[in-house]
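Structure first, commentary second.
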Amino acid sequence: GIRDAQDRTLAGAEKFNAAQQLSAELMRKIQKNALLTTATTEQLVEAFQSALGPLSAAGLSLDQSRKATLLIVQAASALGVPMHQVAQEVRAIAEGSIDVNARLAKALGITNEQVKAAKEHGQLFSFIVEQTEAFAAAGDKTAQSFLGLTSSIVDISSQLSGGVFAHPFEKLKEA
């Protein structure tokens, strides 16, 4: 459940209002993050939503889940993984359900056994950071490329028109 600053579990209208504030803040951060990748905000939100369940189950906070998703998306961008596949790739890494289709995990050398061990030791976030940081830096450079800048322009246009705000975090509000 959602807790306030005094560590009280919120209910009813308080819980709803807190969830609204959390989702709005998270959305602002994701929009900023989208400008650091070749992914649009919609693609980053989709990847985040795919990863949130397994990352939360592994003990990651919302903010750690967002950062882990961003790092994985940046690595995917640097390695040329098509953005329409990224949500599936993020989920495979987060769940430890890496199979022959998990192109990104294979390129990063991530195995199911490594993910399982990281989860068991409460180190999944640091494991993801370690495995992606070099590629994430390359992803930053890709975001500055023509493709990345074009993606950012399309994304900003979408944000200004309100297209991105069409209830991407309804499930979070229900938490």
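Once the 1.4 Å probe is applied to the protein heavy atoms, the stretch 46-130 comes out at 43 Å² accessible per residue. Taking Lys and Arg as +1 and Asp and Glu as -1, the other residues whose beta-carbon sits under 13 Å from that of Asp4 total +1. Using the average count of surrounding beta-carbon atoms within 10 Å as a protection proxy, the listed peptides 19-30, 83-94, 118-129 rank, highest first, as 83-94, 118-129, 19-30. Segment Leu22..Val100, full-extension length gain: 24.5 nm, with 0.36 nm per residue of separation and the alpha-carbon distance subtracted.
Note on Arg8 and Ser56: the model spin-label points, each 7 Å out from Cα along the C-beta direction, lie 2.3 nm apart. Working ranking of peptides 49-58, 70-79, 1-10, 35-44 by packing, defined as the average number of other Cβ atoms within 10 Å per residue, highest first, is 70-79, 35-44, 49-58, 1-10. In order along the stretch 63-74, the Karplus-derived 3J(HN,Hα) couplings, from 6.51 cos²θ - 1.76 cosθ + 1.60 at θ = phi - 60°, round to 5, 5, 5, 5, 5, 4, 4, 4, 4, 5, 5, 5 Hz, and Gly and Pro are given as x. Overall, the anisotropy analysis places the stretch 27-127 in the oblate class: the square-rooted eigenvalues a ≥ b ≥ c of its C-alpha gyration tensor yield a/c not less than 1.5, with a/b not exceeding b/c.
The values are calculated or read from the model by the stated rules, or taken from the named source; none is laboratory data. If you're wondering where the values come from, they're calculated on a predicted model, not measured in any experiment. Note: ideal-geometry Cβ built from the backbone for every residue, glycine included; neighbour counts use all protein chains shown. Just so you know, the surface numbers come from the protein's heavy atoms only, side chains and all, with ligands and any DNA or RNA stripped out. Shrake-Rupley method; radii C 1.70, N 1.55, O 1.52, S 1.80 Å.
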